[in-house]
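Read through the structure below, which is laid out as C-alpha cells, and then see the notes.
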Amino acid sequence: MKKVKFFVSLLLIIMVVAFSACSSGGGSSKNTIEVALWDKNAKESVDKSIEIFNKKHPDIKVNVTYTPWEDYWTKLKTSLGGGSGPDVFWMNGPNFHQYASSKLIRDLEPYIEKDSDYKKDSFYPTVVDLYSYEGKLHAAPYFIDAVGLYYNKKFFDDAGIPYPDETWTWEDIEKVGQKLTDKEKGVYGYTMDIKRSQSVYYNLIPQAGGYIISDDKTKSGFNAPESKEAFHFLDNLMKKGISPSAKTVMETEGKQLFMSEKSAMIPAISVSAGEFESVLGDKLGVAPLPKGKERASIVHGIGWAMNGKTKNDEVAWDLIKALTGKEGSKVIAESGFSIPADKEMSELWLNSTPSLDLQVFLDAQEYGVPYPVSKYTSQWQDIENKEIQSAFLGQKPIDEALDIITEKMNEVLEKEAK
C-alpha cells in the first residue's frame, strides 16, 4: 500500500512539474500567445497579421480577446499585477508611463538591436517619442491618428453653403453652424462631445495659443487665458444652441447624433472615417480643423506592448513584428481602419476610402501637437474630466473648474517629480 501511495504521489509531482514547464508566465502556454485590445473594428487587420505570423509559427495558437474600453485597463492592470495577463496588448499614451515605469511592459530595445529588419526611423517620430521611456522604446508603434472636421455634405448643399476647407477659423464654425442649426428638426450645426477631450478641447487649447501641460511636464496650462478662451468658445456654441448641451451628449454620443444626421459637423479622430463612411456614404466629407490663433491638431497613436513577465518573449516579439512591420502596416492601411505608424505605408491608407480627402490627416502630422501625457496622466485626467463635466452641466463656473484642475493637476505633477 505504501508503494502505491508513493507512486501516486510521484505521479502527481510529475504532472505538476510538467504543467509548470508549459506555463509562460504571461498567462499562456508555450504553444499559445494571448493578445488583448479594445476595438473590434481592428479585427480584420489583426486577424490578417496573425496569418502572417503563423506562416513562421504554424504551431503557435494566437488567442485574441477584445475587452470594451470601459473595462480594458482595470482588467489589464489586475492581470499583469498578478503575474499573468496577455503576452501582447494595446497601449495608449495616457497609461504608458505608468506601465513602463512599473516594468509591467518590456523594454523592446534588446529585440530591436538583434533584428536588422526593424527600423525605428520607419515610423512617425511623434509616436516613437510617445512610447519611449528613458529613451528606449517600450511599445511598438502600430497606428497614428489626428483630428479633422467631418461634415455632412447634404446640409451644406441644401443651404447653398460651400464646404469647409483649410481657410476656416473658429468664426466659421459659429457663423455656418448657426445657419445649419434647425431647432424644429432637432438638427445641430456643430456637435462636440465634451467627454472626448482628444477630439475637442485638447485641440482648441493649442489653437488658442495655450498648452495643456508644459514641455517639461511640471505645469498645467488649464487656467491660462488661452485655455479659458477655448472653453468659453465651446460654452458659447452650447448657449446659442449651435451645439447640443453637455447633458444631451452625455445621453447620446456626439458621433451618434452625427451618423443619424442630427448634426452637420463634428470634430473627430481619423479612426472614425471608416465608421462614418459606412453609414453616411458619399454624403460624408472631411476638412482640416478650423484654426484659432494657430493651426493645431492633437496627434496620438496606439502601440503594441509586451508583458513584462512573459516567457514567450521571442515569439511575442515575432508577433509584434507581424503586426507593426511592413506587411502588417500594409494590412492596416488597406483596411482603412487607421493610419499606419509606418511613414511609407501610411500613403496606402489614402486610397482606403476614395470618397474622402484623407490627406487632411497626414497633413495634420506636420502641425500636430503631441497628446499630453506625464507619468500619472490618468490621475490628473480623472480630475479634469470630473471638473469639466461639472462646469458644462452648470454646477460651477467654467473658470472656477479650470482653476481647480490646474491646482490639483500641479499637485500630481509635483508628486511625479519627487
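Within this structure, E134 fails the test of being out of contact with any Cys (no Cβ under 8 Å at 6 or more places or on another chain), surrounded by fewer than 22 Cβ atoms within 10 Å (Cβ to Cβ) and modelled with pLDDT of 95 or more.
Which of (1) under 24 Å from I105 (Cα atoms); (2) assigned to a helix (DSSP H, G or I); (3) out of contact with any strand residue (DSSP E or B) (no Cβ under 7 Å at 6 or more places or on another chain) is the odd one out, the single condition K309 does not satisfy? Unmet condition: (2). The set of residues from region 355-406 being of a type in the set (V, I, T), touching a strand residue (DSSP E or B) at 6+ places or on another chain (Cβ under 7 Å) and not in a helix (DSSP H, G or I) comprises just one member, V369. Between K40, K5, the distinction of being surrounded by fewer than 10 Cβ atoms within 10 Å (Cβ to Cβ), charged (D, E, K, R) and modelled with pLDDT under 95 belongs to K5 only. If the condition is being surrounded by 12 or more Cβ atoms within 10 Å (Cβ to Cβ), touching a Phe, Trp or Tyr at 6+ places or on another chain (Cβ under 8 Å) and farther than 21 Å from G328 by Cβ, then region 53-76 contributes T67, Y72, L76. In the list E294, E275, which residue meets the criterion of being part of a loop (DSSP other than H, G, I, E, B) and not basic (K, R)? Just one listed residue meets the conditions, E294. Looking only at residues in region 103-114 that are out of contact with any strand residue (DSSP E or B) (no Cβ under 8 Å at 6 or more places or on another chain) and without any contact (Cβ under 8 Å) to a residue 40 or more places away in the chain, the one that is farthest from I302 (Cα to Cα) is K114. Quick check, is A316 crowded, with 24+ Cβ neighbours inside 10 Å, modelled with pLDDT of 95 or more, touching a Gly at 6+ places or on another chain (Cβ under 9 Å) and in the same structural domain as S116 (by TED's automatic domain parsing)? Yes, satisfied.
Across region 139-148, not a single residue is classified as at negative phi and surrounded by fewer than 17 Cβ atoms within 10 Å (Cβ to Cβ). A residue that is more than 20 Å from the chain's Cα centre (by Cα) and not in a helix (DSSP H, G or I) can be found somewhere in region 332-351. The residues of region 82-100 that are among the polar types (S, T, N, Q) and closer than 12 Å to S374 by Cβ, listed by number, are N95, Q98.
For region 274-296, residues that are within 23 Å of L130 (Cα to Cα) and either among the hydrophobic types (A, V, I, L, M, F, W, C) or in the same structural domain as A140 (by TED's automatic domain parsing) (or both) total 2. At least 2 residues being among the polar types (S, T, N, Q) and closer than 30 Å to G336 by Cβ is the threshold, and among the helices (runs of 4 or more DSSP H) wholly inside region 28-131 those reaching it are 43-56. Just one of (1) crowded, with 19+ Cβ neighbours inside 10 Å; (2) over 30 Å from Q98 (Cα atoms); (3) in contact (Cβ under 8 Å) with a residue 24 or more places away in the chain fails for K321. It is (2).
For region 234-261, residues that are of a type in the set (V, I, T), assigned to a loop (DSSP other than H, G, I, E, B) and either buried (at least 21 other Cβ atoms within 10 Å of the Cβ) or over 24 Å from the mean Cα position of the chain (by Cα) (or both) total 1.
The residues of region 154-190 that are aromatic (F, W, Y) and part of a loop (DSSP other than H, G, I, E, B), listed by number, are Y163, W168, Y190. Cβ-Cβ distances below 8 Å connect the following pairs, each with a first residue in region 51-79 that is touching a residue at least 40 places away in the same chain (Cβ under 8 Å), a second residue that is of a type in the set (V, I, T) and assigned to a strand (DSSP E or B), and a separation of six or more residues or different chains: F53/V62; I60/T32; I60/I33; V62/T32; V62/I33; V62/V35.
The values are calculated or read from the model by the stated rules, or taken from the named source; none is laboratory data. This one's a predicted model, so the numbers in the text were calculated from it and none came from an experiment. Every residue, glycine among them, receives a Cβ derived from its backbone with ideal geometry; neighbour counts consider all protein chains shown.
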